Structures are given as structure tokens and as C-alpha cells.
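Undergrad: So that we are looking at the same thing, I have put the structure below in C-alpha cells.
The values are calculated or read from the model by the stated rules, or taken from the named source; none is laboratory data. Remember, it's a predicted structure, so these values are computed and weren't measured experimentally. Here the Cβ positions follow ideal geometry from the backbone for every residue, glycine too, while neighbour counts run over all protein chains shown.
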Number of protein chains: 2
Amino acid sequence: MPRHLIFSYLSLIIAAAAMREGNFRMREGAPFKIALFADLHFGEDAWTEWGPIQDFNSMGVMSIVLDDEQPDFVVYLGDVITANNIMIANASLYWDQALSPTRARGIPWSTIFGNHDDAPFEWPLDWFSQAGIPQLSCARGSDCSFRGTTRLELMRNEIERNSLSFSTDGPRNLWPSVSNYVLKLSSTSNARDPVALMYFLDSGGGSYPEIISNAQVKWFQEKSREINPHSRVPEIIFWHIPSKAYEKVAIGVQCVGSIFWESVAAQEAEMGMMKALEKRDSVKAVFVGHNHGLDWCCPHRKMWLCFARHTGYGGYGNWARGARVLEIKQQPFSLRSWIRMEDGSTHSEVILSS
Amino acid sequence: MPRHLIFSYLSLIIAAAAMREGNFRMREGAPFKIALFADLHFGEDAWTEWGPIQDFNSMGVMSIVLDDEQPDFVVYLGDVITANNIMIANASLYWDQALSPTRARGIPWSTIFGNHDDAPFEWPLDWFSQAGIPQLSCARGSDCSFRGTTRLELMRNEIERNSLSFSTDGPRNLWPSVSNYVLKLSSTSNARDPVALMYFLDSGGGSYPEIISNAQVKWFQEKSREINPHSRVPEIIFWHIPSKAYEKVAIGVQCVGSIFWESVAAQEAEMGMMKALEKRDSVKAVFVGHNHGLDWCCPHRKMWLCFARHTGYGGYGNWARGARVLEIKQQPFSLRSWIRMEDGSTHSEVILSS
């Protein structure tokens, strides 16, 4: 093998290893920008004409946000697909389609699960009437049970096929909850000098209850104690379904956002995650999706509880589509956020680090 | 191969072929007796001590009924297992356990599906609390998704392993509805002289809606026209979830039964099955399970709508367990039914052929 090829190969291995450890570096003289793509719902009504058109439109929203904002990183904030509408064996095809605008631009990303991503197929009642089963008829398919693609399968397919993916399938002892991991953002000059820690958690739903388990709470406590023992590094949290604390802050006068028309659809129970977060001054904000008709950030104790913005044309609601953007600056640390809309406008800017 | 072995082998092939065609012969000088085992719910709370004890008790009920009544045939009337409680990859293990008392006595049987048989596993909320996931921990298992065993898998496993099974997986064009087939009871003297036709239908639930589809209605109409064109042969129908017609007859003064404490939990919609049955004078009775607290037979037009009796210790309700028994006589044809209880008593005798 020629020397320059060996060198390239080694560089790739080193880069891949650094990525697998979940480390990013700030770019010289630039803030770190993250776009949140929430509730894309690819594959919705996959058997109609309407469904694929929605996915095409969602690709458009993502493309506009990526081109306008040029983010350094993308977080897919759950409900990437509407698995309960997908009647093919491998839902990863839709999952992969949702990732493609980010991948095409060479931007790294990570994903977390929502309540629709591994849901089993729901047979529409109408298919049992005289109308019958459309298109992908059960009689012609090799398997007509459509039990869905599991979280593990979706995640492993994503990771294996994408060098830009920073997702991991989390510690085994947290399964069936899968998307639990930490990513570290380091300063430009020193990889060991962390600027921020990003915790990704699986808030359940689909194949199991909508919940963050006690085991996940323990994992967060141990992990944060290990990598940020003195709470010196700012911490940012991502999961899909709002916790019950969101219900309490929703009517606060300090909330910043543009749509407030829904009730918070919270997790089924609270197993201690919010208490664990509240104890750490380093936790600056939590970001969730799930409610398509809410896009606010409200203060809660010393942190902020934020919704993303409905990015996908799939899923309920006709509120205009967009994406929440986060901007991280170092020395001094700041976390700023706004919402970028499909029409190119921005709104709801808020400082989350004060 | 010795001659007597060749003969035995050929006899077996001929017998198996006759069975696969779904033909029975009345025994000389004896009525044909069928026991209905409804809602056994094997595998319920499989991770507790309580669960396996219920299954043991259900084996006891079946054994008593089989020994007391000595039926010629058994119908497993759906909800054989509680799949939403089964956290192993192959639920056929529980299905097979439920069949074993009948198999052990050399009695042939057939099965139909209920709404619990192919349901996906439902993770108890409590498992996400500090208590954690018991026994078969997700961390130790090879797959923690528990998407359930499909109707097709359950049925094919049953058929492949059991020469006494008269079940079939039905026409492909009726899938995801699987347990749709006909069995013919012939006179002692002539296999071509039918005494009764037994139609088995899948009333859905679990992985798809609780419904008998329009496609199944058409299948019944075509099948009955083909094998019983002049409605001369009495017809008996079996499925799991009561149709909406059951709701209307439930308060009739002519009803015969011992427990009437529940509302009928009917199918989600009516796609024409009841109308198809009502048009045929040959249809004598429909038998369903599903409601554990109902065991009546009520007249409806020219036929009877009957509940079985809750046979299993699994499933809701603490009404005493038992099994509905059917007795078919030829020349003249008669269909008589009663309920045999676990304590050996019988009650609710009714003539369904008048």
C-alpha cells in the first residue's frame, strides 16, 4: 500500500475512533451550531399519494434549514418515522431517507427515539371493508404481520451505514430504552477541555411505556458524576416526550415561543429524572419534541425547558414547519436559541445560559 | 421395508390426507361430541408465581372436562395465550402447553385466534421504577423487543407438530386474518354424506382490528355455496369476539345460561358476516368466547347466538370455570348443548337445532 494511502487510512481510523467516543471540537473562532429536527414522521400514510408527498416536503424543510443555518451538528429529536403506518419489514428505509439531507451535506448527527419509531403497524379499519387492503397486499407480501423494526435494529442500521452518525445504542442494562448516550463538545485548542456535554435519553413510547426509567436516572447520575464531577461543564439534555415538569411551566410569563395552542402531552410517570437534573447547576436546558403545536422555552428552577419546532410534514397539525437552532459559544460560555422557519424567517430567540 | 410396515405407513398417509381435507366420521351408534375451550390465556403474568399456577389450574379444568365428557373433538375458541404478557421469542411454547391435555388423550382439535394470541408484549409501567425488570432481564436476553409470535407462526407451529390438529392457516387472500377454514362431519356409513359443516373464522384483534372482514364474508359465501349449495347440511359457526348482533339479543327472555353479568364486548364493526349467516336457514348457531362473564345462548332470527364458558384461570374474572359442550346427532339431526363445570356439574342445557 502506498504511504499516502496508509496515512489516509490511519487518519480515518483515528477520526472514526474519536467520533465513537462522542467528541467534537469547536471550530476556530466560530460558535457551535446545532439544528433540531423534531417529529419528521417519515413513512406516514405510506400507502397513499399524500404520504410520500409529505416526506418530500419534509426533505424541503430540512434542506432550507441546513442551507440557511449551516449547522455543525443535527439532532433528530424522535418520531423520525411513523412506524405504525409502515407496512414493510424494514422501516430503516424511511429512517435513512430522513437522514439523507444532513448526510448529503456532510454534517454529523445523532438520533433519539420517539413514541412512533418502533410502533407496530396499525391496520386501518377501512381495509377490512369492501375497499380491501391497498397496494402492498398481504397476499403478495412474504410476511403480513408488520411487527415493526425494533429500536435496536433501527439504531444499528443507522450506525453501521453512516460514518457521520454519532448515535449509539446505549448501555445494555437500559434496554428496551436504547438511545442513551453522551457527546462531548471540546474547545478548539484542547480536546480535553470540554465546552459542553450533551446527554441524549430515550423517553420511551411505541413498544414500551412513555417513560424515562429509574435505571436511566441512575445511569445519568453515574455518568455525570464520572465525566463532570464538579458540575463545571454546562450540560444540555435531549429527549422526545416532555416530562411532567413541562405541564407546570407552560403558563409562565417568562416563556419565549410562538405557538402555545396545545396541552403538554407528558410522559406517563416521573421516575426521578427531573429531580436528578434539578440538582445539577450545570444543566442549562432540556429539549423535547412530541407536541407539534408547542415551540416555547420556559424557565424551570435554574434551567430551561424547551420544545423544538415541528419539522416534518408528517404527523398531526398544520402549524408552519421549522427547526429550533442552538448556538454554543465558549469563553464565556453562552447557549442561545431561535427557531428557523421553512420560509426563511427566524423568531423566538432566547438566551438559555443566563 | 416389511409389508406390515408399508401398510401402516400407507394407512397413516391416507388418514393424514383425510384429516387435511377436514373430514370427520360419526362413530357408529354414537353422537358426535365437541368441547369448547375458551379463553385459556396461557402465559398470563408469566414472570410471577401467580401466572404459572393459573396455567396449571387451567390444565386441570381441561382434564376434568375431557375425562367427564369424552368428547370426539375439541375447539380452542381463541385467547389460548395472553401474548401481551409473554416475554419470550416463541409464544408457541405456551400455545402448545394449552393443547397438551387434548393431545395426551388422542383427541383431535382445531384452534381459532382471539385478540390476545398475537398481541405484542406490553411492558408493565412498574418495571421502569426502582423495582426494575424482573427475571428474564432484557440485559441478559438476546432480544428485548418481544414483538410477539405472529398468527401464521403460531398456526404453522401447531400444524407441523401435531397430527391431531385440524387447524389450517386459511386462504392467503384473507390474511392478516388466519384461522379461516371449514371442517365436515360425515355419517358413519358414507363419507360423502355430510351431517354438519363447521366454519371457523378469525374475528381479529391483537395485531389488527377486532373485525370479520368483507373478504371473509365473501369467502364464507363462496365456500358455503360450493360445499352446501342448497343449504341442506346444518352449519355451525365458531369465532372468538361476539358480533354486534350479540348486543341486541342479550336481554331476550328465551336466553339460556347461568351468568349474564357483563355487557357484550363486540367486534369493532360489522362488515356483512351476520347478514350472510341470516340468509342461510342451514346456519344453526354461532359460538364465541371473549366475554368471560357470559355463558348464554340466545335465539336470533332462525339461529342461536351462544357464548362458550370461560375455561382458563388466566384472563379477567373469577366466575367458576367450565366448558360448553355440543352434541350432534344424525337422523334426525339435532344439536344440543350444555356447560360442564370444573366441579363436575352440568347446567344450561339447550336444544339449538329446533
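Undergrad: What residue, of A:Phe121, A:Phe166, A:Phe113, A:Phe73, is modelled with pLDDT of 95 or more and within 14 Å of chain B (Cβ to nearest Cβ)?
TA: A:Phe113
Undergrad: Moving on to the next point. List every residue pair whose Cβ atoms lie under 7 Å apart, where the two residues are 6 or more positions apart in sequence or sit on different chains, the first residue falls within the stretch B:246-273 and is touching a residue at least 24 places away in the same chain (Cβ under 8 Å) and more than 14 Å from chain A (Cβ to nearest Cβ), and the second residue, located anywhere, is in a loop (DSSP other than H, G, I, E, B) and acidic (Asp, Glu).
TA: So the pair list comes out as B:Gly257/B:Asp295; B:Ser258/B:Asp295; B:Ile259/B:Asp295.
Undergrad: I've got another one for you. Could you grab me the full set of residues in the stretch A:254-287 that are under 21 Å from A:Thr111 (Cα atoms) and aromatic (Phe, Trp, Tyr)?
TA: Within the stretch A:254-287, A:Phe287 is the sole residue that qualifies.
Undergrad: Which of the residues spanning the stretch B:202-231 are within 30 Å of A:Arg147 (Cβ to Cβ) and part of a helix (DSSP H, G or I)?
TA: B:Asn214, B:Ala215, B:Gln216, B:Val217, B:Lys218, B:Trp219, B:Phe220, B:Lys223
Undergrad: With within 9 Å of another protein chain (Cβ to nearest Cβ), farther than 20 Å from A:Leu93 by Cβ and either crowded, with 23+ Cβ neighbours inside 10 Å or at pLDDT below 95 (or both) as the only criterion, which of A:Phe128, A:Phe146 stands out?
TA: Of the residues listed, the single one that is within 9 Å of another protein chain (Cβ to nearest Cβ), farther than 20 Å from A:Leu93 by Cβ and either crowded, with 23+ Cβ neighbours inside 10 Å or at pLDDT below 95 (or both) is A:Phe128.
Undergrad: Hey, another quick one. Could you run through the stretch A:304-354 and say how many residues are crowded, with 23+ Cβ neighbours inside 10 Å and free of Cβ contacts under 8 Å to residues at least 60 places away in the same chain?
TA: 3
Undergrad: Condition (residue is in contact with a helix residue (DSSP H, G or I) (Cβ under 7 Å, 6 or more places away or on another chain) and more than 14 Å from every other protein chain (Cβ to nearest Cβ)) applied to the stretch A:198-211: is it met by at least one residue?
TA: Yes - at least one qualifying residue is present in the stretch A:198-211.
Undergrad: Within the stretch A:235-247, identify whether any single residue is small (Gly, Ala, Ser) and under 30 Å from A:Thr149 (Cβ atoms), and answer yes or no.
TA: Yes - at least one qualifying residue is present in the stretch A:235-247.
Undergrad: Quick one: B:Thr48 ticks every box in (1) modelled with pLDDT of 95 or more; (2) among the polar types (S, T, N, Q); (3) surrounded by fewer than 19 Cβ atoms within 10 Å (Cβ to Cβ) except a single one, so which number is it?
TA: The number of the failed condition is (1).
Undergrad: Further, regarding this structure: Could you pull out the residue among B:Phe42, B:Phe37 that is under 19 Å from B:Ser345 (Cα atoms), surrounded by 21 or more Cβ atoms within 10 Å (Cβ to Cβ) and aromatic (Phe, Trp, Tyr)?
TA: On inspection, the qualifying residue turns out to be B:Phe37.
Undergrad: Looking for something in a loop (DSSP other than H, G, I, E, B), away from chain B (no Cβ under 12 Å), surrounded by fewer than 20 Cβ atoms within 10 Å (Cβ to Cβ) and without any contact (Cβ under 8 Å) to a residue 40 or more places away in the chain - is there at least one such residue anywhere in the stretch A:180-189?
TA: Among the residues of the stretch A:180-189, at least one is in a loop (DSSP other than H, G, I, E, B), away from chain B (no Cβ under 12 Å), surrounded by fewer than 20 Cβ atoms within 10 Å (Cβ to Cβ) and without any contact (Cβ under 8 Å) to a residue 40 or more places away in the chain, which makes the answer yes.
Undergrad: Can you tell me which residues in the stretch A:232-247 are assigned to a loop (DSSP other than H, G, I, E, B) and under 14 Å from A:Tyr199 (Cα atoms)?
TA: A:Val233, A:Pro234, A:Trp239, A:His240, listed by residue number.
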